Each structure stands twice: as C-alpha cells, then as structure tokens.
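Here's the structure we're looking at; comments come further down.
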Amino acid sequence: QVQLVESGGGLVQPGGSLRVSCVGSAFTFRRYAMSWYRQAPGKERELVAVVSGTFDISYADSVKGRFTISRDNDRNTVYLQMNSLKPEDTAVYYCSTLIGSVRYWGQGTQVTVSS
C-alpha cells in the first residue's frame, strides 16, 4: 500500500523559514515525480512545486525564489524548504505522487504564517 507521510509543519512568523518533509513507502520512490500541493481555507488545492525522477524542478509563480523542493532517494524523502514566508502561504501542505493513473496523497501538514 503506497503511503506518504508528511511532517515539519507549524507556526512561523512572517519572513521566517520552515522545512516540511514527506517520506514515501511501498513504491519505487526514485522513479516517480514528487509534488507538493497546498490548500488554504476556502480555496482549491494548488500545485506548489514538483521534482521529477530525473530531478527536473518546477514551481508555482507565487513561490518562485522563496521555496526550494528537493529529494533524497536514499531516504525516500522529498523536502520543501520555505523561506521568506508570508501570511498567504498559510495552508495545509500535501505531498503527492502519480503512479499510473492513481494520484496518492499524504495526510497533510499545517503551515501557519502569523505574527
């Protein structure tokens, strides 16, 4: 059973930094693109960043220059380093991967940016 488990969320002040992590299991992690999505209250879930199996990376315009996605295939882990955080970055952050026609999701981790 494919499993994605996020960790590392929390409360941070505007301008601060936070790193969230996601560990994948029960699939060949290195083969698949890994994505971070987020969903703020009352809004649709949106794609934040993607890293492919060949380490190609893309970001949403709203986080370019502030967020960095990376992966460690030896640890089956994908990271999202978030710097210069803004209140509008407040959301539940989800790790996700697409295997065949099935998109898998983690349970999410809450990131709150507030003074």
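The values are calculated or read from the model by the stated rules, or taken from the named source; none is laboratory data. What you see is a predicted model; the values in this text were computed from it and never measured. Positions of Cβ are backbone-derived with ideal geometry, glycine not excepted, and every protein chain shown enters the neighbour counts. To get the accessible areas, we keep the full protein, side chains included, count just its heavy atoms, and leave off ligands, DNA and RNA. Shrake-Rupley method; radii C 1.70, N 1.55, O 1.52, S 1.80 Å.
Please state the relative contact order of the chain as a whole percent: Cα pairs under 8 Å, 6+ residues apart? Taking the mean separation of contacting Cα pairs over the length of the chain, I get 37 percent.
Rolling a 1.4 angstrom probe over the protein heavy atoms with all chains in place gives the chain an accessible area of 53 Å² per residue.
The residues neighbouring Phe29, those whose beta-carbon lies less than 11 Å from its own, together hold a net charge of +2 under the Lys/Arg +1, Asp/Glu -1 convention.
In this rough spin-label picture, where each label sits 7 Å from Cα along the Cβ direction, the Ser84-Arg19 distance is 2.0 nm.
Taking θ as phi - 60° and the Karplus parameters 6.51, -1.76 and 1.60, the scalar couplings of the stretch 98-115 work out to 10, 10, x, 9, 10, 9, 9, 10, x, 7, x, 9, 7, 10, 10, 10, 7, 8 Hz in sequence order, x denoting glycine and proline. Quick one: pull the percent of accessible area on the chain belonging to carbon and sulfur, 1.4 Å probe, ligands and nucleic acids left out. Here it works out to 46 percent.
Working note: Karplus 6.51/-1.76/1.60 with θ = phi - 60° gives the stretch 40-47 the couplings 8, x, x, 10, 6, 5, 10, 6 Hz, where Gly and Pro are set to x. Most tightly packed first, judged by the mean number of other beta-carbon atoms within 10 Å of their residues, the peptides 73-86, 90-103 read 73-86, 90-103. Take the Cα of Arg103, step 7 Å toward its Cβ, do the same at Ser70, and the gap between the two points is 2.7 nm.
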